[in-house]
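Working notes for the structure below.
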Amino acid sequence: MSEAQSASSDDRSDTTRYDVVVVGCGGWGLAVLKVLTDMGLRVLGIERKEICHNLRNYMKNMMMHSFLSYMVLDPEDAILAREGNEYHPRIEELIQSYSDFAVKFDLPIKTHHQLVDIEGVKDDFALTVRDGEGRAVRLTAKRVVLATGSYDEPNLAGIPGELNGSVQHYFHEWEHISDQRVLFIGGGFSSADGIVALCPRNTILWVVRKSSEAVENMLHLQKTKWGQHDARLVNTEILTESRVISLENNTAVVQTPDGNITWNYDLCYMLIGHRPDQDLYTRLLNGNLEFDEETFESCQRPGLYLVGALAKKHLEHIGLTQNLCPDNEGVRYIERIRSAMQQELRCNYQKIN
Ligand SMILES: Cc1cc2nc3c(=O)[nH]c(=O)nc-3n(C[C@H](O)[C@H](O)[C@H](O)COP(=O)(O)OP(=O)(O)OC[C@H]3O[C@@H](n4cnc5c(N)ncnc54)[C@H](O)[C@@H]3O)c2cc1C
(Lines give C-alpha, C1' and ligand atoms only; values in the text may rest on other atoms or scores of the structure.)
Protein backbone atom coordinates (compact mmCIF):
# COMPACT_ATOMS: atom_id res chain seq x y z
CA MET A 1 0.00 0.00 0.00
CA SER A 2 1.39 3.42 -0.92
CA GLU A 3 1.91 6.14 1.70
CA ALA A 4 -0.88 8.15 0.10
CA GLN A 5 -3.32 5.25 0.43
CA SER A 6 -2.32 4.31 3.94
CA ALA A 7 -3.07 7.84 5.19
CA SER A 8 -6.74 7.69 4.39
CA SER A 9 -8.54 5.72 7.10
CA ASP A 10 -10.54 8.66 8.53
CA ASP A 11 -10.99 11.02 5.63
CA ARG A 12 -11.69 14.71 6.25
CA SER A 13 -11.70 17.64 3.95
CA ASP A 14 -11.27 21.36 4.07
CA THR A 15 -13.82 22.62 1.54
CA THR A 16 -12.05 25.92 0.87
CA ARG A 17 -10.72 26.12 -2.66
CA TYR A 18 -7.35 27.73 -2.10
CA ASP A 19 -5.56 29.80 -4.69
CA VAL A 20 -2.26 28.58 -3.31
CA VAL A 21 -1.21 26.05 -0.70
CA VAL A 22 2.35 26.60 0.54
CA VAL A 23 3.91 23.37 1.78
CA GLY A 24 6.56 23.76 4.50
CA CYS A 25 6.82 26.64 6.95
CA GLY A 26 10.53 27.26 7.30
CA GLY A 27 11.83 30.72 6.50
CA TRP A 28 11.04 30.48 2.82
CA GLY A 29 7.54 29.11 3.22
CA LEU A 30 6.73 31.90 5.67
CA ALA A 31 8.15 34.57 3.36
CA VAL A 32 6.10 33.29 0.42
CA LEU A 33 2.96 33.03 2.57
CA LYS A 34 3.32 36.67 3.59
CA VAL A 35 3.82 37.83 0.02
CA LEU A 36 0.82 35.89 -1.31
CA THR A 37 -1.42 36.85 1.61
CA ASP A 38 -0.58 40.53 0.99
CA MET A 39 -1.72 40.08 -2.62
CA GLY A 40 -5.18 39.15 -1.35
CA LEU A 41 -4.99 35.55 -2.50
CA ARG A 42 -6.69 32.72 -0.64
CA VAL A 43 -3.63 31.01 0.79
CA LEU A 44 -2.87 28.26 3.31
CA GLY A 45 0.49 27.15 4.71
CA ILE A 46 0.87 23.58 5.91
CA GLU A 47 3.74 22.39 8.09
CA ARG A 48 4.35 18.77 9.05
CA LYS A 49 5.46 19.59 12.62
CA GLU A 50 6.14 23.01 14.14
CA ILE A 51 7.22 26.11 12.23
CA CYS A 52 10.90 25.80 11.26
CA HIS A 53 10.96 22.13 12.13
CA ASN A 54 14.13 21.46 10.15
CA LEU A 55 16.15 24.07 12.01
CA ARG A 56 15.08 22.39 15.24
CA ASN A 57 17.16 19.34 14.23
CA TYR A 58 20.35 21.23 15.06
CA MET A 59 22.00 22.56 18.20
CA LYS A 60 19.84 25.42 19.34
CA ASN A 61 22.81 27.55 20.33
CA MET A 62 24.57 27.09 16.98
CA MET A 63 25.37 30.44 15.48
CA MET A 64 24.24 31.20 11.92
CA HIS A 65 27.05 32.38 9.65
CA SER A 66 24.83 35.02 8.00
CA PHE A 67 23.85 38.34 9.47
CA LEU A 68 20.36 38.44 10.91
CA SER A 69 19.53 41.26 8.49
CA TYR A 70 19.82 38.79 5.62
CA MET A 71 17.55 36.18 7.14
CA VAL A 72 15.00 38.17 9.06
CA LEU A 73 11.56 38.54 7.48
CA ASP A 74 10.24 41.53 9.41
CA PRO A 75 12.19 44.84 9.29
CA GLU A 76 10.75 45.58 12.75
CA ASP A 77 11.89 42.27 14.21
CA ALA A 78 12.55 42.53 17.97
CA ILE A 79 15.93 40.73 17.89
CA LEU A 80 17.06 42.88 14.98
CA ALA A 81 16.04 46.04 16.85
CA ARG A 82 17.92 44.88 19.94
CA GLU A 83 21.08 43.48 18.33
CA GLY A 84 21.50 45.38 15.05
CA ASN A 85 21.99 44.44 11.40
CA GLU A 86 25.30 42.65 11.77
CA TYR A 87 24.25 40.32 14.51
CA HIS A 88 24.69 36.57 13.91
CA PRO A 89 21.67 34.94 15.50
CA ARG A 90 21.69 31.58 17.20
CA ILE A 91 19.35 29.00 15.67
CA GLU A 92 16.88 29.34 18.53
CA GLU A 93 16.76 33.11 18.02
CA LEU A 94 16.07 32.70 14.31
CA ILE A 95 13.26 30.27 15.08
CA GLN A 96 11.85 32.78 17.56
CA SER A 97 12.09 35.54 14.98
CA TYR A 98 10.23 33.45 12.36
CA SER A 99 7.60 32.33 14.86
CA ASP A 100 6.99 35.96 15.92
CA PHE A 101 6.67 36.88 12.24
CA ALA A 102 3.99 34.25 11.66
CA VAL A 103 2.03 35.45 14.69
CA LYS A 104 2.42 39.17 13.99
CA PHE A 105 1.07 38.86 10.44
CA ASP A 106 -1.47 36.24 11.39
CA LEU A 107 -0.28 33.93 8.64
CA PRO A 108 -2.78 31.16 7.82
CA ILE A 109 -0.92 28.01 8.84
CA LYS A 110 -1.93 24.51 9.82
CA THR A 111 0.91 22.92 11.78
CA HIS A 112 1.12 19.12 12.12
CA HIS A 113 -0.15 18.72 8.58
CA GLN A 114 2.19 16.80 6.33
CA LEU A 115 1.85 16.68 2.58
CA VAL A 116 1.65 13.08 1.37
CA ASP A 117 0.59 13.38 -2.26
CA ILE A 118 -0.84 15.71 -4.89
CA GLU A 119 -3.24 14.61 -7.60
CA GLY A 120 -4.70 16.63 -10.46
CA VAL A 121 -3.38 19.38 -12.65
CA LYS A 122 -2.80 23.12 -12.58
CA ASP A 123 -5.92 25.01 -11.42
CA ASP A 124 -7.35 21.82 -9.95
CA PHE A 125 -4.95 20.16 -7.54
CA ALA A 126 -6.13 17.79 -4.79
CA LEU A 127 -3.66 17.46 -1.95
CA THR A 128 -3.58 14.57 0.49
CA VAL A 129 -2.28 15.73 3.83
CA ARG A 130 -1.84 13.74 7.03
CA ASP A 131 -2.69 15.53 10.27
CA GLY A 132 -1.01 15.06 13.65
CA GLU A 133 -3.26 12.12 14.48
CA GLY A 134 -2.53 10.33 11.22
CA ARG A 135 -5.86 11.19 9.59
CA ALA A 136 -6.02 12.15 5.94
CA VAL A 137 -7.20 15.67 5.11
CA ARG A 138 -8.02 16.72 1.55
CA LEU A 139 -7.22 20.18 0.29
CA THR A 140 -7.83 21.71 -3.11
CA ALA A 141 -5.74 24.46 -4.65
CA LYS A 142 -5.04 26.06 -7.98
CA ARG A 143 -1.32 26.29 -7.32
CA VAL A 144 1.06 24.67 -4.85
CA VAL A 145 4.34 26.15 -3.64
CA LEU A 146 6.75 23.54 -2.32
CA ALA A 147 9.06 25.00 0.33
CA THR A 148 9.98 21.78 2.09
CA GLY A 149 13.73 22.38 2.34
CA SER A 150 16.49 19.89 1.73
CA TYR A 151 17.04 18.29 5.14
CA ASP A 152 14.75 15.26 4.98
CA GLU A 153 17.17 12.46 4.31
CA PRO A 154 20.84 12.28 5.15
CA ASN A 155 23.31 11.78 2.36
CA LEU A 156 25.03 8.45 2.72
CA ALA A 157 28.51 7.36 1.72
CA GLY A 158 27.60 3.86 0.56
CA ILE A 159 29.78 2.15 3.17
CA PRO A 160 28.95 -0.88 5.31
CA GLY A 161 27.62 -0.03 8.75
CA GLU A 162 26.53 3.54 8.02
CA LEU A 163 22.90 2.74 8.91
CA ASN A 164 23.77 1.20 12.29
CA GLY A 165 22.17 2.73 15.37
CA SER A 166 25.52 4.05 16.54
CA VAL A 167 25.80 6.28 13.45
CA GLN A 168 23.93 9.60 13.70
CA HIS A 169 23.19 11.82 10.73
CA TYR A 170 22.00 14.96 12.55
CA PHE A 171 23.75 16.72 15.40
CA HIS A 172 21.29 17.40 18.19
CA GLU A 173 20.66 16.30 21.76
CA TRP A 174 24.35 16.12 22.48
CA GLU A 175 24.67 17.65 25.95
CA HIS A 176 24.54 14.28 27.72
CA ILE A 177 27.47 12.81 25.75
CA SER A 178 30.72 12.42 27.70
CA ASP A 179 33.63 9.99 28.03
CA GLN A 180 32.92 8.55 24.59
CA ARG A 181 35.08 7.87 21.56
CA VAL A 182 33.30 9.90 18.92
CA LEU A 183 34.00 9.67 15.22
CA PHE A 184 33.06 12.62 12.98
CA ILE A 185 32.85 12.19 9.21
CA GLY A 186 32.49 15.25 6.98
CA GLY A 187 34.42 18.47 6.59
CA GLY A 188 31.71 21.12 6.95
CA PHE A 189 30.58 23.54 9.61
CA SER A 190 28.21 20.98 11.12
CA SER A 191 31.12 18.69 12.01
CA ALA A 192 33.24 21.58 13.23
CA ASP A 193 30.41 22.88 15.42
CA GLY A 194 29.77 19.41 16.79
CA ILE A 195 33.43 18.79 17.58
CA VAL A 196 33.80 22.14 19.35
CA ALA A 197 30.82 21.17 21.47
CA LEU A 198 31.93 17.61 22.27
CA CYS A 199 35.73 17.69 22.40
CA PRO A 200 36.21 18.95 25.97
CA ARG A 201 34.53 15.82 27.42
CA ASN A 202 35.18 13.16 24.78
CA THR A 203 37.88 11.67 22.53
CA ILE A 204 37.36 12.63 18.91
CA LEU A 205 38.59 11.35 15.56
CA TRP A 206 37.65 13.62 12.66
CA VAL A 207 37.93 12.14 9.16
CA VAL A 208 37.74 14.56 6.24
CA ARG A 209 38.44 14.36 2.55
CA LYS A 210 39.67 17.97 2.52
CA SER A 211 43.32 19.03 2.68
CA SER A 212 44.71 20.27 5.98
CA GLU A 213 44.81 23.85 4.59
CA ALA A 214 41.12 23.69 3.73
CA VAL A 215 40.30 22.36 7.19
CA GLU A 216 42.39 25.10 8.86
CA ASN A 217 40.63 27.73 6.82
CA MET A 218 37.20 26.37 7.64
CA LEU A 219 38.08 26.07 11.33
CA HIS A 220 39.22 29.66 11.38
CA LEU A 221 35.89 30.79 9.96
CA GLN A 222 34.05 28.48 12.31
CA LYS A 223 35.88 29.73 15.39
CA THR A 224 35.22 33.31 14.37
CA LYS A 225 31.59 32.46 13.86
CA TRP A 226 31.33 31.09 17.37
CA GLY A 227 33.03 34.20 18.72
CA GLN A 228 35.80 31.96 20.08
CA HIS A 229 38.92 33.21 18.31
CA ASP A 230 41.12 31.20 20.64
CA ALA A 231 38.98 28.05 20.62
CA ARG A 232 41.12 24.94 20.34
CA LEU A 233 40.03 21.49 19.41
CA VAL A 234 41.23 19.49 22.39
CA ASN A 235 41.22 15.67 22.51
CA THR A 236 40.82 15.68 18.72
CA GLU A 237 42.82 13.95 16.01
CA ILE A 238 42.14 15.08 12.44
CA LEU A 239 42.77 12.78 9.47
CA THR A 240 42.72 14.91 6.33
CA GLU A 241 42.59 13.61 2.73
CA SER A 242 41.12 10.46 4.22
CA ARG A 243 37.87 8.57 4.03
CA VAL A 244 36.06 5.98 6.08
CA ILE A 245 35.47 2.78 4.15
CA SER A 246 33.69 0.70 6.81
CA LEU A 247 31.78 1.35 10.04
CA GLU A 248 30.85 -2.19 10.98
CA ASN A 249 30.92 -3.46 14.59
CA ASN A 250 31.71 -0.02 15.99
CA THR A 251 35.06 -0.10 14.22
CA ALA A 252 35.92 2.45 11.56
CA VAL A 253 38.33 1.49 8.82
CA VAL A 254 39.89 4.69 7.50
CA GLN A 255 41.79 5.00 4.25
CA THR A 256 44.52 7.61 4.77
CA PRO A 257 47.40 8.75 2.49
CA ASP A 258 49.64 6.58 4.68
CA GLY A 259 47.51 3.42 4.48
CA ASN A 260 44.47 2.06 6.29
CA ILE A 261 43.93 2.41 10.02
CA THR A 262 41.17 1.14 12.32
CA TRP A 263 39.55 3.08 15.17
CA ASN A 264 36.94 1.81 17.62
CA TYR A 265 34.13 4.25 18.23
CA ASP A 266 31.17 4.48 20.60
CA LEU A 267 29.29 7.02 18.53
CA CYS A 268 29.70 8.28 15.01
CA TYR A 269 28.36 11.47 13.43
CA MET A 270 28.25 11.25 9.66
CA LEU A 271 27.48 14.82 8.66
CA ILE A 272 27.81 14.88 4.89
CA GLY A 273 24.70 16.82 3.97
CA HIS A 274 21.03 16.13 3.44
CA ARG A 275 18.59 15.95 0.57
CA PRO A 276 14.83 16.27 -0.01
CA ASP A 277 12.41 13.41 0.67
CA GLN A 278 13.00 11.12 -2.31
CA ASP A 279 9.76 9.13 -2.04
CA LEU A 280 7.66 12.30 -1.91
CA TYR A 281 9.39 13.85 -4.89
CA THR A 282 9.21 10.67 -6.89
CA ARG A 283 5.42 10.72 -6.34
CA LEU A 284 4.99 14.43 -7.02
CA LEU A 285 7.55 15.18 -9.69
CA ASN A 286 8.88 11.89 -10.92
CA GLY A 287 12.02 12.78 -9.01
CA ASN A 288 12.68 15.76 -11.29
CA LEU A 289 13.32 18.91 -9.23
CA GLU A 290 14.10 21.15 -12.19
CA PHE A 291 12.25 24.44 -12.30
CA ASP A 292 12.01 27.57 -14.43
CA GLU A 293 14.60 30.03 -13.10
CA GLU A 294 12.32 33.00 -13.74
CA THR A 295 9.08 31.77 -12.25
CA PHE A 296 10.10 28.85 -9.98
CA GLU A 297 7.49 26.70 -11.75
CA SER A 298 8.34 23.01 -11.98
CA CYS A 299 9.48 21.86 -15.42
CA GLN A 300 7.93 18.47 -14.68
CA ARG A 301 4.52 19.52 -13.43
CA PRO A 302 3.03 22.95 -14.23
CA GLY A 303 1.30 24.66 -11.33
CA LEU A 304 3.77 23.42 -8.73
CA TYR A 305 6.52 25.85 -7.68
CA LEU A 306 9.79 25.05 -5.91
CA VAL A 307 11.37 27.62 -3.61
CA GLY A 308 14.03 27.94 -0.91
CA ALA A 309 16.50 25.22 -0.08
CA LEU A 310 14.41 22.67 -2.00
CA ALA A 311 15.07 24.64 -5.18
CA LYS A 312 18.67 25.59 -4.49
CA LYS A 313 20.56 24.28 -1.54
CA HIS A 314 22.68 27.40 -1.41
CA LEU A 315 19.68 29.73 -1.47
CA GLU A 316 20.07 30.70 2.13
CA HIS A 317 19.32 34.36 2.25
CA ILE A 318 15.64 35.04 2.43
CA GLY A 319 14.91 38.69 3.16
CA LEU A 320 11.61 40.36 2.60
CA THR A 321 13.62 43.20 4.04
CA GLN A 322 15.06 44.78 0.93
CA ASN A 323 15.61 48.02 2.82
CA LEU A 324 18.15 46.19 4.98
CA CYS A 325 19.86 44.14 2.33
CA PRO A 326 19.07 45.31 -1.22
CA ASP A 327 21.78 43.09 -2.72
CA ASN A 328 20.26 40.01 -1.12
CA GLU A 329 19.63 37.23 -3.63
CA GLY A 330 16.55 36.12 -1.72
CA VAL A 331 14.78 39.42 -2.22
CA ARG A 332 15.00 39.01 -5.96
CA TYR A 333 13.58 35.50 -5.77
CA ILE A 334 10.71 36.61 -3.57
CA GLU A 335 9.94 39.32 -6.14
CA ARG A 336 9.89 36.70 -8.89
CA ILE A 337 7.43 34.44 -7.13
CA ARG A 338 5.26 37.45 -6.41
CA SER A 339 5.18 38.49 -10.05
CA ALA A 340 4.73 34.90 -11.26
CA MET A 341 1.68 34.50 -9.03
CA GLN A 342 0.43 37.96 -9.90
CA GLN A 343 0.40 37.14 -13.60
CA GLU A 344 -1.06 33.70 -13.03
CA LEU A 345 -3.62 34.25 -10.34
CA ARG A 346 -4.43 37.85 -9.56
CA CYS A 347 -6.59 38.32 -12.68
CA ASN A 348 -8.37 35.02 -12.02
CA TYR A 349 -8.90 36.01 -8.42
CA GLN A 350 -10.40 39.38 -9.36
CA LYS A 351 -12.70 37.71 -11.87
CA ILE A 352 -13.91 35.16 -9.31
CA ASN A 353 -14.58 37.77 -6.65
C1 LIG B 1 22.65 24.17 10.99
C2 LIG B 1 22.25 25.13 9.92
C3 LIG B 1 22.87 26.36 9.81
C4 LIG B 1 22.52 27.25 8.81
N5 LIG B 1 23.12 28.46 8.73
C6 LIG B 1 22.68 29.36 7.83
C7 LIG B 1 23.19 30.68 7.78
O8 LIG B 1 24.03 31.05 8.57
N9 LIG B 1 22.71 31.54 6.87
C10 LIG B 1 21.73 31.19 6.01
O11 LIG B 1 21.29 32.03 5.25
N12 LIG B 1 21.25 29.94 6.01
C13 LIG B 1 21.70 29.03 6.88
N14 LIG B 1 21.23 27.78 6.90
C15 LIG B 1 20.38 27.38 5.84
C16 LIG B 1 19.00 27.88 6.07
O17 LIG B 1 18.53 27.48 7.32
C18 LIG B 1 18.23 27.25 5.04
O19 LIG B 1 18.72 27.61 3.80
C20 LIG B 1 16.84 27.73 5.17
O21 LIG B 1 16.35 27.33 6.44
C22 LIG B 1 16.03 27.10 4.13
O23 LIG B 1 14.73 27.49 4.34
P24 LIG B 1 13.55 26.70 3.69
O25 LIG B 1 12.34 27.39 4.19
O26 LIG B 1 13.77 26.56 2.24
O27 LIG B 1 13.64 25.21 4.26
P28 LIG B 1 13.58 24.66 5.77
O29 LIG B 1 14.02 25.68 6.77
O30 LIG B 1 14.30 23.38 5.74
O31 LIG B 1 12.03 24.44 5.99
C32 LIG B 1 11.30 23.44 5.35
C33 LIG B 1 10.05 23.17 6.16
O34 LIG B 1 9.21 22.30 5.41
C35 LIG B 1 8.65 21.35 6.28
N36 LIG B 1 8.27 20.17 5.50
C37 LIG B 1 9.09 19.29 4.89
N38 LIG B 1 8.38 18.34 4.26
C39 LIG B 1 7.08 18.60 4.49
C40 LIG B 1 5.87 17.98 4.10
N41 LIG B 1 5.86 16.85 3.36
N42 LIG B 1 4.70 18.52 4.51
C43 LIG B 1 4.69 19.66 5.25
N44 LIG B 1 5.81 20.28 5.66
C45 LIG B 1 7.00 19.77 5.28
C46 LIG B 1 9.75 21.08 7.28
O47 LIG B 1 9.22 20.49 8.46
C48 LIG B 1 10.33 22.47 7.49
O49 LIG B 1 9.70 23.17 8.55
C50 LIG B 1 21.54 26.88 7.89
C51 LIG B 1 20.92 25.64 7.99
C52 LIG B 1 21.25 24.78 9.00
C53 LIG B 1 20.57 23.46 9.11
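The values are calculated or read from the model by the stated rules, or taken from the named source; none is laboratory data. The structure displayed is predicted, hence computed values, not measured ones. All Cβ positions, even for glycine, are placed from backbone atoms using ideal geometry, and neighbour counts span all protein chains on display. Heavy atoms of the whole protein, side chains included, go into the accessibility calculation; ligands, DNA and RNA do not. Shrake-Rupley method; radii C 1.70, N 1.55, O 1.52, S 1.80 Å.
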Inset, instruction - Report, by chain and number, residues whose modeled amide H sits under 5 Å from the one on residue 145, excluding near sequence neighbours (fewer than 5 apart, same chain). - result: 21, 22, 23, 305
Legend entry - Inter-part distance where the stretch 14-30 and the stretch 160-212 are each reduced to a Cα centre, Å: 36 Å
Legend entry - For the chain, built as a Gaussian network whose Cα springs stay under 10 Å, the top-fluctuating residue of 88, 113, 176: 176
Legend entry - the stretch 155-270 - accessible surface per residue (Å², probe 1.4 Å): 50 Å²
Legend entry - Under Karplus coefficients 6.51, -1.76 and 1.60, residue-wise ³J(HN,Hα) of the stretch 73-84 in Hz, glycine/proline x: 9, 10, x, 9, 3, 5, 5, 4, 4, 6, 9, x
Legend entry - C-alpha long axis of helix 91-104 to longest principal axis of the chain, angle in °: 10 degrees
Legend entry - Over the chain: helical MRE at 222 nm, DSSP H runs n ≥ 4 each giving -39500 (n - 2.57), nearest 500: -7500 deg cm²/dmol
Legend entry - Cα-Cα P(r), the chain, percent of pairs per 10 Å interval: 5, 22, 29, 24, 15, 5, 1, 0
Inset, instruction - Taking the Cα centre of the chain as origin, work out the dipole magnitude from +1 charges on Lys and Arg Cβ and -1 charges on Asp and Glu Cβ, in debye rounded to 20. - result: 440 debye
Inset, instruction - Using θ = phi - 60° and the Karplus relation 6.51 cos²θ - 1.76 cosθ + 1.60, list the HN-Hα couplings for the stretch 169-175 in order, rounded to whole Hz, with x at every Gly or Pro. - result: 10, 10, 9, 8, 6, 10, 4
Legend entry - Protection proxy ranking of 67-80, 331-344 - average other beta-carbon atoms within 10 Å, highest first: 67-80, 331-344
Inset, instruction - For residue 239, list long-range residues whose amide hydrogen, built 1.01 Å from N in the peptide plane, is under 5 Å from its own amide hydrogen. - result: 206, 207, 208
Inset, instruction - Among DSSP beta bridges whose residues both lie in the stretch 155-270, state the antiparallel percentage, nearest 5. - result: 40 percent
Inset, instruction - Run through the DSSP bridge list for the chain and note the antiparallel percent, rounded to the nearest 5. - result: 45 percent
Inset, instruction - Would you mind classifying the stretch 94-196 by shape? Square roots of the alpha carbon gyration tensor eigenvalues, ordered a ≥ b ≥ c; an a/c under 1.5 is rounded, otherwise it is prolate if a/b is larger than b/c and oblate if not. - result: prolate
Legend entry - Among 330, 24, 120, residue whose mean-square fluctuation peaks in a GNM of the chain (springs only between Cα atoms under 10 Å): 120
Legend entry - Choice from 295, 262, 236 with maximal GNM fluctuation in the chain (Cα, 10 Å cutoff): 262
Inset, instruction - For the chain, with all protein chains present and a 1.4 Å probe, just round the carbon and sulfur fraction of the accessible area to a whole percent. - result: 46 percent
Legend entry - For the stretch 155-270, convex hull volume per residue from C-alpha positions, Å³: 100 Å³
Inset, instruction - Quick one: angle between helix 212-225 and the longest Cα principal axis of the chain, in degrees between 0 and 90, rounded to 10, please. - result: 60 degrees
Legend entry - Point-charge dipole on Cβ atoms (K/R +1, D/E -1) for the stretch 155-270, about Cα centre, debye to 20: 180 debye
Inset, instruction - Pop out the ³J(HN,Hα) list for the stretch 38-51 in order, Karplus 6.51 cos²θ - 1.76 cosθ + 1.60 with θ = phi - 60°, rounded to Hz; leave Gly and Pro as x. - result: 4, 6, x, 7, 7, 10, 9, x, 10, 9, 5, 10, 9, 3
Inset, instruction - Scan around residue 245 for amide H atoms under 5 Å from its own, H built in the peptide plane at 1.01 Å from N, and keep only partners 5 or more places away or cross-chain. - result: 253, 254, 255
